């Protein structure tokens, strides 16, 4: 066990709140975990040596943060703002955060603090997240800041719900979000994390989708610099539930994101698109796991990555078709683009099938920028830097255009172009 993990255990043993029964179970599993090495399959390409002996102060309570919240033009979202994992308040787009109890919430939406024992059922905690994620267990035992978001049965919450977490200090932080979408309900939830300071953070979210519910989901893991970020989004899909999820990730010193989709009800549909963009010397690790446990489920997963010089990207996508999951349709595709031969991509798509009446496919590719295409654009008077941006954006534009919310896709496009400029090899 590393010194850092030993300090996590020591701190966890002193936490005493109404979630302690669930925390004790997680702590017991954490004590059984071995610190990942290159021989640990799930961490084979992601080294944690920079974290082993790291000691940072825990984030203190946030008070009226003055940090600016990124505004997505045309979105009019309802923002739940965290600063270094500490809850600041609720803000309408472009306005100052106010306390949760003073916020005006749309009809059908209720939100309360994670540690509000009067309003949170213990059974909602760890309902969708598997127990094998190391940093998920760390989050289980240490996260005291967080929210429980409930969309009532039959409700349509048209206003997008955005959970924003800004890393602005050299601290360690942990927060948790639980989202319950009631039967026949509809909602949009955005997880938006960013920051480049020398920090360690875990940010995990669980989503329970009841029968006939619909969720439009976005996860923006836009960290950079010296940030060491570990997060996850985990979903249980009920009967006839529909999920449309988009993940966008940047690289940093270490960025690791785990996505789990569990088909627990028949005729559920899940679509997930993922884009990851790494500037030189950055690291990003995306692990996805799709569990088809019942018949008649459908999953479409597409992930595309662009990797700069001396950067390292890891993609591990797994689809598991259980014995009873007959008539499943599932497809996984991962495509990657290297900006130089100094970059590194480790991709591992997996299919594990135990049913015999299914339609499944998977594949992965790694390629370089085509010099002929670059030369063609340059001969038309387009500078090399601009030509690279055009080719890079063309590679991922299909997935950006598939975002259901046009305000988000239009906001993201210039962010990605700016990112491409940072990724160019000088």
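Could you tell me whether residue 275 is buried (at least 24 other Cβ atoms within 10 Å of the Cβ), in contact with a helix residue (DSSP H, G or I) (Cβ under 9 Å, 6 or more places away or on another chain) and either within 26 Å of residue 369 (Cβ to Cβ) or at pLDDT 95 or above (or both)? Write out each step before concluding.
Working: buried (at least 24 other Cβ atoms within 10 Å of the Cβ): no; in contact with a helix residue (DSSP H, G or I) (Cβ under 9 Å, 6 or more places away or on another chain): yes; either within 26 Å of residue 369 (Cβ to Cβ) or at pLDDT 95 or above (or both): yes.
Criteria not met by residue 275.
What pairs can you find where one residue is in the stretch 65-80 and at positive phi and modelled with pLDDT of 90 or more, the other is in a loop (DSSP other than H, G, I, E, B) and surrounded by 14 or more Cβ atoms within 10 Å (Cβ to Cβ), and their Cβ atoms are less than 9 Å apart, with a gap of 6+ or different chains?
76/93; 76/159; 76/160
Could you look through the stretch 119-139, keep only residues that are touching a strand residue (DSSP E or B) at 6+ places or on another chain (Cβ under 7 Å) and assigned to a helix (DSSP H, G or I), and pick out the one that is modelled with the lowest pLDDT?
124
Taking only the stretch 169-212 into account, find how many residues are out of contact with any strand residue (DSSP E or B) (no Cβ under 6 Å at 6 or more places or on another chain) and farther than 21 Å from residue 126 by Cα.
Qualifying residue count, the stretch 169-212: 9.
Residues in the stretch 189-242 that are in contact with a helix residue (DSSP H, G or I) (Cβ under 9 Å, 6 or more places away or on another chain) and either in a strand (DSSP E or B) or buried (at least 23 other Cβ atoms within 10 Å of the Cβ) (or both): how many? Explain how you work it out, then say what you get.
Pass one, the stretch 189-242, residues in contact with a helix residue (DSSP H, G or I) (Cβ under 9 Å, 6 or more places away or on another chain): 190, 200, 202-204, 206, 208, 218, 220, 222, 224, 230-232, 234.
Among the residues that remain, those that are also either in a strand (DSSP E or B) or buried (at least 23 other Cβ atoms within 10 Å of the Cβ) (or both) are: 190, 200, 202-204, 206, 208, 218, 220, 222, 230-232, 234.
Residues meeting the conditions: 14.
Hey, residue 384 hits all of (1) within 17 Å of residue 280 (Cβ to Cβ); (2) in contact with a strand residue (DSSP E or B) (Cβ under 6 Å, 6 or more places away or on another chain) but one; which does it fall short on?
Among (1) within 17 Å of residue 280 (Cβ to Cβ); (2) in contact with a strand residue (DSSP E or B) (Cβ under 6 Å, 6 or more places away or on another chain), residue 384 violates only (2).
Please enumerate the residues belonging to the stretch 392-412 that are buried (at least 17 other Cβ atoms within 10 Å of the Cβ) and closer than 22 Å to residue 368 by Cα.
392, 395, 396, 399, 400
Any residue in the stretch 246-255 that is modelled with pLDDT of 95 or more and more than 15 Å from the chain's Cα centre (by Cα)?
Taking every residue of the stretch 246-255 in turn, at least one turns out to be modelled with pLDDT of 95 or more and more than 15 Å from the chain's Cα centre (by Cα).
Sort out which residues of the stretch 143-157 are in a loop (DSSP other than H, G, I, E, B) and touching a strand residue (DSSP E or B) at 6+ places or on another chain (Cβ under 6 Å), and write them in order of number. Walk me through it before giving the result.
Let us first name the residues in the stretch 143-157 that are in a loop (DSSP other than H, G, I, E, B), namely 143-144, 152-155, 157.
Answer for the stretch 143-157, where residues must be in a loop (DSSP other than H, G, I, E, B) and touching a strand residue (DSSP E or B) at 6+ places or on another chain (Cβ under 6 Å): 143, 157.
Can we say residue 114 is in contact (Cβ under 8 Å) with a residue 60 or more places away in the chain, within 22 Å of residue 193 (Cα to Cα), out of contact with any strand residue (DSSP E or B) (no Cβ under 7 Å at 6 or more places or on another chain) and surrounded by 14 or more Cβ atoms within 10 Å (Cβ to Cβ)?
Details: in contact (Cβ under 8 Å) with a residue 60 or more places away in the chain: yes; within 22 Å of residue 193 (Cα to Cα): yes; out of contact with any strand residue (DSSP E or B) (no Cβ under 7 Å at 6 or more places or on another chain): no; surrounded by 14 or more Cβ atoms within 10 Å (Cβ to Cβ): yes.
So residue 114 does not fit the description; no.
Return the residue satisfying two criteria in turn: it lies in the stretch 295-311 and is buried (at least 20 other Cβ atoms within 10 Å of the Cβ) and either in contact (Cβ under 8 Å) with a residue 60 or more places away in the chain or farther than 25 Å from residue 343 by Cα (or both), and of such residues it is nearest to the chain's Cα centre (by Cα). Quick ask: steps written out before the conclusion?
Going residue by residue through the stretch 295-311, those that are buried (at least 20 other Cβ atoms within 10 Å of the Cβ) are 297, 299, 301, 303-308, 311.
Next, from what is left, pick out any that are either in contact (Cβ under 8 Å) with a residue 60 or more places away in the chain or farther than 25 Å from residue 343 by Cα (or both): 297, 299, 304, 306, 308, 311.
Working: 297: 22, 299: 18, 304: 15, 306: 18, 308: 21, 311: 20 Å.
Going through the qualifying residues, I end up with 304.
Yes or no: residue 104 farther than 25 Å from residue 229 by Cα and either modelled with pLDDT of 90 or more or surrounded by fewer than 14 Cβ atoms within 10 Å (Cβ to Cβ) (or both)? Before you say what the answer is, go through the steps one by one.
Details: farther than 25 Å from residue 229 by Cα: yes; either modelled with pLDDT of 90 or more or surrounded by fewer than 14 Cβ atoms within 10 Å (Cβ to Cβ) (or both): yes.
Here the answer is yes, as residue 104 does meet what is asked.
Residue 75: under 19 Å from residue 235 (Cα atoms) and in contact with a helix residue (DSSP H, G or I) (Cβ under 8 Å, 6 or more places away or on another chain), yes or no? Even if it seems obvious, please write down each step before you answer.
Values: under 19 Å from residue 235 (Cα atoms): no; in contact with a helix residue (DSSP H, G or I) (Cβ under 8 Å, 6 or more places away or on another chain): yes.
No: the conditions fail for residue 75.
This table checks each residue for (1) touching a helix residue (DSSP H, G or I) at 6+ places or on another chain (Cβ under 7 Å); (2) under 14 Å from residue 241 (Cα atoms); (3) modelled with pLDDT of 95 or more; (4) assigned to a loop (DSSP other than H, G, I, E, B).
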residue: 141; (1), (2), (3), (4): yes, no, yes, no
residue: 159; (1), (2), (3), (4): no, no, yes, yes
residue: 163; (1), (2), (3), (4): no, no, yes, no
residue: 176; (1), (2), (3), (4): yes, no, yes, no
residue: 184; (1), (2), (3), (4): no, yes, yes, yes
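The values are calculated or read from the model by the stated rules, or taken from the named source; none is laboratory data. Remember, predicted model here, so these are calculated numbers, not experimental data. Counting neighbours? That spans all protein chains shown, and the Cβs are built from the backbone with ideal geometry, glycine included.
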